[in-house]
Amino acid sequence: MEPIVYLYQNHLQEFWNSGQAQCFGAAFEWKGEQVYHVYLKYPQVAPTGYSMPCLFRVVDQAGYERADDEAAAVYRDLPSEARRVPVVIVCIRVEADNRVKSRAFIVDGEQQVEAAVKYVPRRSELYTRSKGLLEVGALEEKKVLIVGLGSGGAPIAVELAKAGVGHFILIDFDRIELHNISRHICGVNELGRLKVNAVKDAILLKNPYAQVETLAIDINRHLDELERCIAESDLTIVATDEYASRYNINARLVKLGKVGLFGRAVTRAEGGDILRVRPGGPCYACLTGNPIYHQNDEITDVRRARELGIIPAYVSDEDANAMVQVGLSTDIAPINNMMVKLALNELSRGIECGISSLLEELTYDYYIWANRRDYQFANWAPFNNNPKRHLTILRWYGVKLKKDAECMECRQ
Amino acid sequence: MTNERYQIELGVLQNSTIKPKQYRFMDMNTSHPYLAVAIQTNSLRCYVVKIDLSDNYPYNIPKVFITSPKPLLTRSGGSMLSPSHSMHTLAGENGCVRVCHYGHADWAPNRITLYQIIIKVRIWLEMYECHLKTGRTLDEFLKGAAY
Ligand SMILES: [Zn+2]
């Protein structure tokens, strides 16, 4: 296979604007794959692959045509220690119409191979490529606050970035730990990192031009900061597993008249639910005070569940451990997917686009999903023999949830 | 607790059977606010109860302690400071017995006020006195009650 060199258009432009004739960069290659990503400056997200030296040189028209000779000459001039590993050499030429052209070579001792050059486009072009159901840049100006970046919040963040949401505020004080890995979008190479940083990187890998603010704080201790974030955002995604923070967010959504989506998996991820809080509708406390609400969240961590009082102190360690039955990532995925759909629905309100039709259908404030006929869903009908169309698994149900007239959190 | 909520709690207490001299909100402008309540049981014995409001009340279930008598003992003079399912206690702190009132599954911050917690603690104390008389656990008296 012919080697491929990926160049970042904005880096090239900056280099050209600087007026330098030559400069060093860094290239990264996946060993033996012959695919090279070449950077002139340190990218926002740590590059993947193995690093190797790289040199950029500006050439004239004649130099561009015989760029292989130029590359060979540049290589000869390198100090011998730089030649101990393969080197990527890029010759850049700017045309009269300001178009940047480049030829790239991989040089290793006597061997010099020309690579195909591909460009990672600038911002304006990145969006035209995702032209589709959503208007180009329709959501670019929208800001989404995501509280909690576990197996719920993290994939939702990335999906929203893919849909073109341009601004994010991420809040979580946790780090990626071993027990998160099987369900989290982040891998073992990110163990120990703050979730806000890891998820910010995951967003930037999909949309390098997204603006992402990160706060590694406990919102229950920073209520003013929480209020600022909610006020600044068009939508709040509540994906935290802790009651007090959900209620604290709810109180501010109600106060500021903002829209929020609360998503969760219930015990052992046999199902899940989503609540939309909007001005005039039921609030999160209206839901938790309603008999329809199943109190038991999924318990993924005994220590945390004990701290929160979900597992009472008199329950033995053995019994407590039995209560922790973590669901599969695939059981969380449908809830995340619906959260994203509802989020895009809310964000595209008032914008003409291909998904507007859903606005007339997803009008409920509360949605329920069951993965299995277990526990609270044990008496639901089987999926395959259900002539009377009773409630069954693996489909969403919208629920008309009334505002609690006595609710101390949202009554006027 | 927000000021709005504080006013709601005060309103509920003022319209309740709890007399104003029985309760006092303490240290409200610190990071450790609490409600102190004096509760008299049917036997006319008096107890002082502390409802800890420091951890995001009403969003988290508040810890409730019996601060007088201290420490509260079982009929046989044993300690009640460790968690016990049958005695409806959680881990005590600073020598004070911690009472289990609302559980996680029935806690609803938009409907339950401090008044209802006080009523639950009153029931707990009545059952405690039954335990002192008979030696049976609180669990046995509370069976059937939504507790
Ligand atoms: Zn409400």
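The values are calculated or read from the model by the stated rules, or taken from the named source; none is laboratory data. Note that the coordinates shown come from a computational prediction; the quantities given were computed from them, not determined experimentally. Neighbour counts run over all protein chains shown; Cβ positions are idealised from the backbone, glycine included. Surface areas here come from the heavy atoms of the whole protein model, side chains and all, with no ligands, DNA or RNA. Shrake-Rupley method; radii C 1.70, N 1.55, O 1.52, S 1.80 Å.
A single member of A:ILE332, A:ILE274 is in contact with a Phe, Trp or Tyr (Cβ under 7 Å, 6 or more places away or on another chain), at pLDDT 90 or above and away from the ligand (no atom under 16 Å from the Cβ), and it is A:ILE274. Restricting attention to the stretch B:72-99, which residues are touching a helix residue (DSSP H, G or I) at 6+ places or on another chain (Cβ under 8 Å) and either closer than 13 Å to B:ASN60 by Cα or open to solvent by less than 40 Å² (accessible area, probe 1.4 Å) (or both)? Scanning the stretch B:72-99 gives B:LEU72, B:THR74, B:MET87, B:HIS88, B:VAL99.
Suppose the filter is of a type in the set (A, V, I, L, M), within 24 Å of A:PRO121 (Cβ to Cβ) and surrounded by fewer than 16 Cβ atoms within 10 Å (Cβ to Cβ); does A:ALA46 pass it? Spelling it out, A:ALA46 is indeed of a type in the set (A, V, I, L, M), within 24 Å of A:PRO121 (Cβ to Cβ) and surrounded by fewer than 16 Cβ atoms within 10 Å (Cβ to Cβ).
Matching residues to (1) out of contact with any Pro (no Cβ under 7 Å at 6 or more places or on another chain); (2) more than 16 Å from the ligand (Cβ to nearest atom); (3) not aromatic (Phe, Trp, Tyr):
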position	(1), (2), (3)
A:ILE219	yes, yes, yes
A:ASP224	yes, yes, yes
A:ARG252	yes, no, yes
A:GLY260	yes, no, yes
A:ALA265	yes, yes, yes
A:TYR293	yes, no, no
A:ALA305	yes, yes, yes
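In the stretch A:276-296, the residues that are within 9 Å of another protein chain (Cβ to nearest Cβ) reach residues that are of a type in the set (Ser, Thr, Tyr) and outside any loop (DSSP other than H, G, I, E, B) with C-beta atoms within less than 6 angstrom, at least six apart or across chains, in these pairs: A:ASN296/A:THR267. Scanning the stretch A:170-185 for residues that are over 29 Å from A:GLU227 (Cβ atoms) and free of Cβ contacts under 8 Å to residues at least 24 places away in the same chain returns A:GLU177, A:LEU178, A:ILE181. All conditions but one from (1) modelled with pLDDT of 90 or more; (2) touching a strand residue (DSSP E or B) at 6+ places or on another chain (Cβ under 9 Å) apply to A:GLN111; the one that does not is (2). Inclusion of B:SER68 among residues that are open to solvent by 20 Å² or more (accessible area, probe 1.4 Å), farther than 19 Å from B:HIS131 by Cα and small (Gly, Ala, Ser) is not warranted. Surrounded by 14 or more Cβ atoms within 10 Å (Cβ to Cβ), within 30 Å of B:SER82 (Cα to Cα), without any contact (Cβ under 8 Å) to a residue 12 or more places away in the chain and away from the ligand (no atom under 16 Å from the Cβ): does that describe A:ALA381? So A:ALA381 fails the test. Here the stretch A:232-245 is the region considered, the condition is being open to solvent by 10 Å² or more (accessible area, probe 1.4 Å) and within 11 Å of A:GLY148 (Cα to Cα), and the residue that is modelled with the highest pLDDT is A:ALA239. The condition of being away from the ligand (no atom under 16 Å from the Cβ) and either within 26 Å of the chain's Cα centre (by Cα) or within 14 Å of chain B (Cβ to nearest Cβ) (or both) holds for A:GLU352. For the stretch A:384-412, name all the residues that are outside any loop (DSSP other than H, G, I, E, B) and touching a residue at least 60 places away in the same chain (Cβ under 8 Å). Hit for the stretch A:384-412 is A:VAL399, nothing else.
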